[in-house]
Amino acid sequence: MKKLLKIIVALAIVAAFFKTLPAVERPTLAVMPFIIDQSLEIRIGDLVIAPSVIENEFSDQVLQNLVKSRKFDVLERANVKKIMNENNLTESDYAKPGEAERIGKLLVADYIVVGYIDRLEFILEQKNIQITGERSLKLTGTFKTHFRVVETKSGKIVCAQSIEEKLKSSDIPFQERKDMTGGDFRDRLFSAAAVKSCNYVLEGIYPIKIASISGNELTLNRGDGSGLVKGDHLDVFELGDSVKDPDTGEVLGSSESKVGEIEVTDVLQKFSKAKIISSTGIITDGSICRRIKSVKIEEAPATPRVTPGW
């Protein structure tokens, strides 16, 4: 009986301890529908895509990726829409300079993402293959958007970026594309562009950092859905002194010095593993990592090949 009583007391102490731990507060973020010209007619062959569908679907994909990052409390689109309607706010309102700060405060959001879709086009090429009598289809999709992330408390733009994503049907393995519809192709293009956009939003507010080090092995605070892929190379930077604006005294950031390069070896659900490739300084916990921009070189196939279908 005494032993059981001791166990109950111990459990009560542990429960009380965890209850007193401060809750981790994550910043709140709202993603507005990405604006597109409503008069545009966008087609994939016979499939017509309404601009409003594009706005909502792409915004949803960006939102879902930000939720997966677990860095923010992301407001649901239904709640955002409700507050916008209650305050009679339209796209033309939140597209105006300076309005994002006011709208963010109405939404009670720490950050607000406002974006524009500048270009969306699909080029379909059809060729008849004389040898087989079949028809060859080649589809190329191009998606271009620019966006900004505003800190609503200060009205400061913490991230502004333009991205362009291009997808060719020939980039998709044949087994995946042989039964692919125009809608499937569109979703794949949107998904790639959304992941890239989400990564820029994250890195503008929370750069990738080293969570722990064990010898040559590292753990990064980014997991599945962050855009990191096994084999990616990143530069590692050590933060230096704060940089201040000499006129206003505002802290603009910190100086950075490169101390090494790492390679991602595995991407897990909540974090990723990496190894040190080279070092010119001391790599420590908390060091910032930035993706190395690579240039894709397209090589012509050695032997021309005819493939029916896509």
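Between their Cα atoms, which of LYS71/LYS166; LYS166/LYS230; LYS68/LYS196; LYS71/LYS105; LYS144/LYS168 are more than 24 Å away from each other? Could the numbers behind the result be given before it?
On the way: LYS71/LYS166 28 Å; LYS166/LYS230 22 Å; LYS68/LYS196 14 Å; LYS71/LYS105 20 Å; LYS144/LYS168 15 Å.
Result: LYS71/LYS166 exceed 24 Å.
With the convex hull of the Cα atoms taken as the outline of region 208-291, the averaged projected area works out to 5.9 nm².
May I ask you to work out the translational diffusion coefficient for region 27-205 at 37 °C, viscosity 0.692 mPa s, via Stokes-Einstein with Rh from the Kirkwood sum over Cα pairs, reported in whole µm²/s?
187
ILE172 sits among other residues whose Cβ lies under 10 Å from its own Cβ, and their net charge, with Lys and Arg +1 and Asp and Glu -1, is +1.
Rule-based calculations on the coordinates, nothing more; no lab input. None of the values given here were measured: they were computed from a predicted structure. Because the Cβ atoms are built from the backbone with ideal geometry, glycine has one as well, and the counts that use them run over all protein chains shown.
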